[in-house]
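**Q** I am attaching a structure below and will ask some questions about it afterwards.
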Amino acid sequence: MDNNLVRFDWAMKRLLRDKSNYDVLEGLISTLLGEDLHINRLLESEANQADANDKFNRVDMLVEDKEGRLLIVEIQNNRELDYFHRMLYGTSKTISEYIGLGDDYDKVRKIYSINIVYFDLGQGKDYVYHGKTIFRGLHDPQDVLQLSVRQRELFVGKEAGDIFPEYYVLRVNEFDRIAKTPLDEWIKFLKTGEIDKDATAKGLPEAREKLRVDSLPEAEKRAYIRDMEAIRYQRSVIKTGWYEGRAEGRAEGRAEGRAEGKAEGKAEGLEEGKMQEKLEIATNMKKLNIPLETIASATGLSVDVINNLSV
């Protein structure tokens, strides 16, 4: 087993964008989709930024395969309650970015949204989920709306839902078993950064060779170590701010509730405590020069309130 490999999210920012390394990402996507996929090129969009400071705790890559389909690959390290909404926003924005003004609707590209998350997203027992649009009859749920014969000739699909975006969610922290399938081998690597010597899933043998820390140029190696330390510090600050804010908020809520002795007073105290908690977290995040929009999304505070916080 090899544990001297760079984190996959860092590799996506710095290594996998090189055409000579496409085979690693092709392996992950092919294994997930269950087909032999080949990357044609990486595309640029407003969301496709390589700089860690622009993304803070997520990485995404926009890929076009040989068939012209678009694939969004995103890694998210820290909890976001509205992450499902952002998945929807990402596919919608990509569709609108990659259709020409005045083009017919049949030029809309097929989108796959692949989300690798390191937090508890939703509730479920599995660690890999696939979602797509299916049109079922209201009176007969077994009746799935199909494309017409002419539409199948034009769009090469069997169901109306085949035209719509498809979503994959990989909840890697939920994986706790022996890797028996190619997909399991990939999930294990994403979770632990380790590849078993006998792992044969497409892309993993290449990852074992191309993502070694000791094979990085000296400047890249220093950058990797620096980025890993920064991520560790960010995670520590966010956790500390969260727990301290929570403790202070609860204490203030209880104190005010007891002082007034009324349900109304308790409610107000708790609300004030929650606000204090959010302000504490926002202040800590602002100290790290995290974009105000990201802080607003994480805390629910307005950009104006965050901008006025002193650090």
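**Q** Condition check: charged (D, E, K, R), over 18 Å from Arg69 (Cβ atoms), assigned by TED's automatic domain parsing to the domain that holds Leu88 and touching a residue at least 24 places away in the same chain (Cβ under 8 Å). Does Asp126 satisfy that?
**A** yes
**Q** Inspect all residues belonging to the range 132-154 and state whether any of them is surrounded by 12 or more Cβ atoms within 10 Å (Cβ to Cβ), over 18 Å from Lys188 (Cα atoms) and in contact (Cβ under 8 Å) with a residue 40 or more places away in the chain.
**A** Checked the range 132-154: no residue is surrounded by 12 or more Cβ atoms within 10 Å (Cβ to Cβ), over 18 Å from Lys188 (Cα atoms) and in contact (Cβ under 8 Å) with a residue 40 or more places away in the chain.
**Q** Of the residues that make up the range 60-72, is at least one buried (at least 20 other Cβ atoms within 10 Å of the Cβ), part of a helix (DSSP H, G or I), touching a Ser or Thr at 6+ places or on another chain (Cβ under 8 Å) and at pLDDT 90 or above?
**A** The answer is no, given that none of the residues of the range 60-72 is buried (at least 20 other Cβ atoms within 10 Å of the Cβ), part of a helix (DSSP H, G or I), touching a Ser or Thr at 6+ places or on another chain (Cβ under 8 Å) and at pLDDT 90 or above.
**Q** For residues in the range 120-129 being surrounded by 11 or more Cβ atoms within 10 Å (Cβ to Cβ) and not charged (D, E, K, R), which is nearest to the chain's Cα centre (by Cα)? Before you say what the answer is, go through the steps one by one.
**A** Within the range 120-129, the subset surrounded by 11 or more Cβ atoms within 10 Å (Cβ to Cβ) is 120-121, 124, 127-129.
Narrowing the set further to residues that are not charged (D, E, K, R) leaves 121, 124, 127-129.
Details: Leu121: 10, Gly124: 17, Tyr127: 14, Val128: 13, Tyr129: 14 Å.
That would be Leu121.
**Q** Just to verify a result, which residue in the range 174-211, among those that are touching a residue at least 40 places away in the same chain (Cβ under 8 Å) and farther than 29 Å from Asp120 by Cα, is surrounded by the fewest Cβ atoms within 10 Å (Cβ to Cβ)?
**A** Restricting to residues being touching a residue at least 40 places away in the same chain (Cβ under 8 Å) and farther than 29 Å from Asp120 by Cα, the top hit is Lys197.
**Q** Further, regarding this structure: Scan Gly273, Gly269 and give me the residue that is modelled with pLDDT under 80 and farther than 28 Å from Ser236 by Cβ.
**A** Within the list Gly273, Gly269, the selection yields Gly269.
**Q** I'm trying to understand the selection: among the residues of the range 116-165, which are outside any loop (DSSP other than H, G, I, E, B) and of a type in the set (D, E, K, R)?
**A** Arg136, Arg150, Arg152, Glu153, Glu159, Asp162, listed by residue number.
**Q** Out of everything in the range 166-188 that is touching a Lys or Arg at 6+ places or on another chain (Cβ under 6 Å) and outside any strand (DSSP E or B), what residue ends up being farthest from Leu70 (Cα to Cα)?
**A** Here the answer is Ala179.
The values are calculated or read from the model by the stated rules, or taken from the named source; none is laboratory data. Since the model is a prediction, treat every value here as computed from it, not as a measurement. Virtual Cβ from ideal backbone geometry, glycine too; neighbours counted across all protein chains shown.
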